[in-house]
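Below is one structure, written out as structure tokens; the observations come after it.
The values are calculated or read from the model by the stated rules, or taken from the named source; none is laboratory data. Keep in mind that what you see is a predicted model, and the values were worked out from it rather than measured. Using ideal geometry, Cβ is built from the backbone for each residue, glycine included, and neighbour counts are taken over all protein chains shown.
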Amino acid sequence: MKRGRALAAAVGVLALGPVTLTAQQGPELVARGIRAYNDVDADAATGFLRRWFASAEASGATLEDRRQALVYLGAAEVLRDNGDSGSAAFERVVKLDPRYRIDELLFAPEVTTLFGAVRQRTKAVAVQVPPLTTLGADGAYYTARLFASSTHFIQVQVRRPDGPVARVVYDGPIGDSLDLRWDGRDSTGSTVPSGSYYVEVRSGAFRNLATRVLQLPLEITTQRTDTLAHPAPPPDSLRLPERRASGPGVEALAGGVLAGLAAAVLPMLLAPDANLEAARYAVAALAGGAGILGFAREFPGSMIAGNRLANEQRDQGWQELVAVVAAENRTRRAAARMVLHTGEPIVADLTGR
Amino acid sequence: MKRVAIATVVAVLGAGAAVPGRAPAQAPPGAGVSAGASAVWEESTVGTAVIRRTGVLLDGRARASVWRLDLDLGYRQGSLSAASVANQRTLVEGDAMLGVRLTRWIKLEGGPRVRAYVTPTATERWLMWEGRARLAAHVRGPSVQSYVVLARAFSANLRPALPFGQAQSGEAGISVRLGRSPLWSQVGYWISQASVSGGQRVETLQGLSVKFVLSPK
């Protein structure tokens, strides 16, 4: 059985010579481990690779080197019939790079099968975002492409560090990959203020049961255009009285009646012995009648239709002005530029907690 | 009754003079003229004899205003006919009044008034120094105004010489502005009574007047 696996590995190595050659250009211990694996010396390969992981060089290695070392370590462990150790190495590979797919031409079927099984049960995503995004008034979005190790549930949030969630961007399943868009607004529809945020991707086999959290630091700078102040309502001093005061009505009544009484009675007081003419009653009736009509027209408390209309027109004009300013402010707010800087991802594994 | 009327006139004049009142808004200098006619009824009592005359007086006035002061000049003239042709006479009257507008609704005036009764054989002149109070109110906005005028003569000089008794007069009516023009129409009733000392002779004039006033205010 061992011989069969080794043969398959050798065939894979021979078939993909250039790839192997490239792999050998990594760190020395990793290269020696890979050569040992290709020589079907799984024990030696395991030894070289574990020595490398224990070295200081491994902690500062690139993702490519670490992934390659882990893949060969897992494959060597499989050849050594250490399935659990192989699974552990492959699980680290999947978490390190969820997009990674093992080359079925390079590795033996039992290696690729185990890797596939590990990938299926390990729920992780990789996120690809532009380092710098600018959102303007043209309806642009902050875009992110998510790559899943296998089908599972994710929830993507934008949140303040140790603060409340500003917006849940996505909550649902992910298959192979998923494109997400965020318009820079919180759950109320308002543009989020400048500051530090995280794009947080919570992964798990079941909804709302995250086993892995990936956080992308997000520095947001919003450049707003000043909005206009709403116009002040018309001052009360400009408001015309809508109901008649008592003064004009009383003046009309008193003035008309007094003049009428004067025309009727005054002659009797000024010239009591004279033969007075009845014509004075016509003037008395005219003046008194005019006073009564004037009082009726200026009846205290009655509505002044013209003033009311003028006030309504003034109020309507003000409201129209407010609407114009509000529309202008909406335009200015929409025109605000938002600059988003995305940092390096931080991953937290919750299964060990 | 007569004393009550006189007391009223004096009280109005006194109140107007004593109360400073609120000055109306300072207005630019202005002027106005008016022309009209009055249907006149005259009752002339001499002793126990009463002569009644009627006629039409033509009336013309001019006014100049500066600040709160008004200078009014008036003239009216007309023939008064009686039942007997021998009793017909012509009435000519002129006055010059200097007035002050204390408020929008009250104006006090004073000045001389000369009245002449002209017959073919003689002319009799009454020169009276008079004080007047004019009250006005807006009846339907400023375009329709009612007014009352009360006047009292404080002294008089008659020719041929007669001892002056008393004289008082009053007028009430209504003024209507014609549209938005500076032209006003005015309808009023006026009465004037003058007597010599002792009441042996009393001249009473009543009139129903119609005027047109050209005034920017």
Flag if B:Gly165 is touching a Gly at 6+ places or on another chain (Cβ under 8 Å) and either more than 8 Å from chain A (Cβ to nearest Cβ) or aliphatic (A, V, I, L, M) (or both): yes
Identity of the residue in the stretch A:291-348, farther than 30 Å from A:Pro241 by Cα and charged (D, E, K, R), that ends up surrounded by the fewest Cβ atoms within 10 Å (Cβ to Cβ): A:Glu344
Elements of type helices (runs of 4 or more DSSP H) in the stretch A:24-135, at least 3 residues being touching a Ser or Thr at 6+ places or on another chain (Cβ under 6 Å): A:109-121
Among (1) crowded, with 17+ Cβ neighbours inside 10 Å; (2) out of contact with any Pro (no Cβ under 8 Å at 6 or more places or on another chain); (3) more than 25 Å from A:Leu29 (Cβ to Cβ) - the single one A:Ala124 does not satisfy: (2)
Enumeration of residues in the stretch B:84-102 that are farther than 13 Å from B:Trp129 by Cα and not polar (S, T, N, Q): B:Val85, B:Ala86, B:Arg89, B:Leu91, B:Val92, B:Glu93, B:Gly99, B:Val100, B:Arg101, B:Leu102
B:Gly188 being farther than 21 Å from B:Ala35 by Cβ, in contact with a strand residue (DSSP E or B) (Cβ under 8 Å, 6 or more places away or on another chain), modelled with pLDDT of 90 or more and buried (at least 18 other Cβ atoms within 10 Å of the Cβ): no
Matching option when the condition is in contact with a Leu (Cβ under 7 Å, 6 or more places away or on another chain) and among the aliphatic types (A, V, I, L, M), among A:Ala290, A:Ala326, A:Ala279, A:Ala263: A:Ala279
Qualifying residues in the stretch B:1-33 (those that are crowded, with 18+ Cβ neighbours inside 10 Å and touching a Lys or Arg at 6+ places or on another chain (Cβ under 6 Å)) - the one modelled with the lowest pLDDT: B:Val9
Check on B:Ala86, away from every other protein chain (no Cβ under 14 Å), free of Cβ contacts under 8 Å to residues at least 12 places away in the same chain and either of a type in the set (D, E, K, R) or surrounded by fewer than 17 Cβ atoms within 10 Å (Cβ to Cβ) (or both): yes
